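Participant: Structure incoming, see below.
The values are calculated or read from the model by the stated rules, or taken from the named source; none is laboratory data. Keep in mind that what you see is a predicted model, and the values were worked out from it rather than measured. FYI the Cβ positions are ideal-geometry reconstructions off the backbone, even for glycines, and counts take in every protein chain you see. We work out accessible area using only protein heavy atoms, side chains counted, and drop any ligands, DNA or RNA first. Shrake-Rupley method; radii C 1.70, N 1.55, O 1.52, S 1.80 Å.
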Amino acid sequence: MKIAVLSRNPRLYSTRRLVEAGQQRGHDMVVIDTLRAYMNIASHKPQIHYRGQALEGFDAVIPRIGASVTFYGCAVLRQFEMMGVYPLNESVAISRSRDKLRALQLLSRKGIGLPVTGFAHSPDDIPDLIQMVGGAPLVIKVLEGTQGMGVVLAETAKAAESVIEAFFGLKQDIMVQEYIQEAGGADIRCFVVGDKVIAAMKRQAKAGEFRSNLHRGGSASLIKITPEERMTAVRAAKVMGLNVAGVDILRSNHGPLVMEVNSSPGLEGIETTTGKDVAGMIIQYLEKNAEPGQTRTKGRG
Ligand code: ADP
């Protein structure tokens, strides 16, 4: 197969591994810089141009779209879909999961366990918003944050009020979430491919920190997940419409709670921690499923 990898940087671990795994399995792998792909959207024959040439003959595309280029990246991916190229994850599913609030609303509609989460606009509603999620301690999250940035633990209602007010003052959209203390600064990353969790790791925050992000000094280790956690992760990816996803789960007293569903999960942490060939499994998924014109939405919606 001829497979495009939409990525800003061919040297990134995940991009390199996908290219390597594809080549090992005999595929023609082409890395395309997402922001350098351009298109004529009004043409009756959808096309993408790259470095002066029209892209042709692709069977599949692997989107590795960073959070900061979601809008443009999804437009490029949608164009591939309109050309009948099979996407590992569809553009609509990526947009859905990137909007944190929309994602939580969709997950909640399907009865998936979530931390109690509130969202408000007016400073007048802050006291009631805090009450609504069960009072302090609570977690305040900037909607556009990644890698734990803009995630704040407020230990008291007074601190929560001040932080929320500050974010409102800065015109930042935030959500307010019950703090899952019993998770003990750890979360579980479940790597879903198709309808299976093919690898999982536990991430533990460093001492004195509640955010377990590896970028914030957290450490990863192997973990055996429960059947309930496995089912929750697979269902969460399905609700988002993602074939490949990193589902982040908190272990609470009342079962697994989904924190986030990631549409471009990194490969480095999960491959080094589990020793599994995750990139190879992603390519295998494409081998089984990438039929031309099989995109569910073909860029619609
Ligand atoms: P980001 O998408 O920026 O990584 P997250 O929502 O995943 O932000 O939060 C970062 C980290 O903070 C999580 O990995 C988790 O360890 C911790 N965390 C987030 N929300 C909660 C919560 N409601 N209760 C306990 N810990 C949380």
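Participant: Collect the residues in the stretch 45-69 that are outside any strand (DSSP E or B), under 20 Å from the mean Cα position of the chain (by Cα) and surrounded by 19 or more Cβ atoms within 10 Å (Cβ to Cβ), keeping them in residue-number order.
Facilitator: Step one: of the stretch 45-69, the residues outside any strand (DSSP E or B) are 45-46, 51-52, 55-59, 64-69.
Cutting the leftovers down to under 20 Å from the mean Cα position of the chain (by Cα) gives us 64-69.
Once the filter is applied, which keeps residues that are outside any strand (DSSP E or B), under 20 Å from the mean Cα position of the chain (by Cα) and surrounded by 19 or more Cβ atoms within 10 Å (Cβ to Cβ), the stretch 45-69 yields ARG64, ILE65.
Participant: Being outside any strand (DSSP E or B), touching a strand residue (DSSP E or B) at 6+ places or on another chain (Cβ under 9 Å) and surrounded by 15 or more Cβ atoms within 10 Å (Cβ to Cβ) is true for just one of ILE140, ILE130. Which residue is that? Walk me through it before giving the result.
Facilitator: Numbers: ILE140 fails: outside any strand (DSSP E or B).
Answer to the check: ILE130.
Participant: Exactly one condition in (1) surrounded by fewer than 16 Cβ atoms within 10 Å (Cβ to Cβ); (2) touching a helix residue (DSSP H, G or I) at 6+ places or on another chain (Cβ under 9 Å); (3) within 15 Å of SER264 (Cβ to Cβ) is false for ALA93; which is it?
Facilitator: (1)
Participant: Could I ask something else about it? Can you list the strands (runs of 3 or more DSSP E) found entirely within the stretch 157-234 that contain at least 1 residues being away from the ligand (no atom under 13 Å from the Cβ), open to solvent by 20 Å² or more (accessible area, probe 1.4 Å) and among the hydroxyl-bearing types (Ser, Thr, Tyr)? Give the derivation first.
Facilitator: Numbers: elements: 174-178, 186-193, 196-204, 219-222.
Once the strands (runs of 3 or more DSSP E) in the stretch 157-234 are filtered for at least 1 residues that are away from the ligand (no atom under 13 Å from the Cβ), open to solvent by 20 Å² or more (accessible area, probe 1.4 Å) and among the hydroxyl-bearing types (Ser, Thr, Tyr), what remains is 219-222.
Participant: If you scan the stretch 245-260, which residues turn out to be open to solvent by less than 10 Å² (accessible area, probe 1.4 Å), farther than 17 Å from ALA220 by Cα and within 12 Å of the ligand (Cβ to nearest atom)?
Facilitator: LEU257, VAL258
Participant: Hey, ALA42 hits all of (1) in a strand (DSSP E or B); (2) open to solvent by 30 Å² or more (accessible area, probe 1.4 Å) but one; which does it fall short on?
Facilitator: (1)
Residues are listed down the side, and each one gets a yes or a no for (1) over 23 Å from ILE65 (Cβ atoms); (2) of a type in the set (Asp, Glu):
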site	(1), (2)
LEU222	yes, no
THR226	yes, no
GLU229	yes, yes
ALA237	no, no
LEU242	no, no
ALA245	no, no
ASP248	no, yes
PRO256	yes, no
MET259	no, no
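Participant: VAL76 fails exactly one of the following numbered conditions: (1) at pLDDT 95 or above; (2) among the aliphatic types (A, V, I, L, M); (3) open to solvent by 10 Å² or more (accessible area, probe 1.4 Å); (4) in a helix (DSSP H, G or I). What is the number of that condition?
Facilitator: (3)
Participant: Pull out all pairs, ordered by first then second residue, where Cβ-Cβ is under 6 Å, the residues are six or more apart or on different chains, the first lies in the stretch 60-86 and is over 14 Å from ARG8 (Cα atoms), and the second is among the hydroxyl-bearing types (Ser, Thr, Tyr).
Facilitator: ALA60/TYR86; ARG78/SER91; GLU81/THR295
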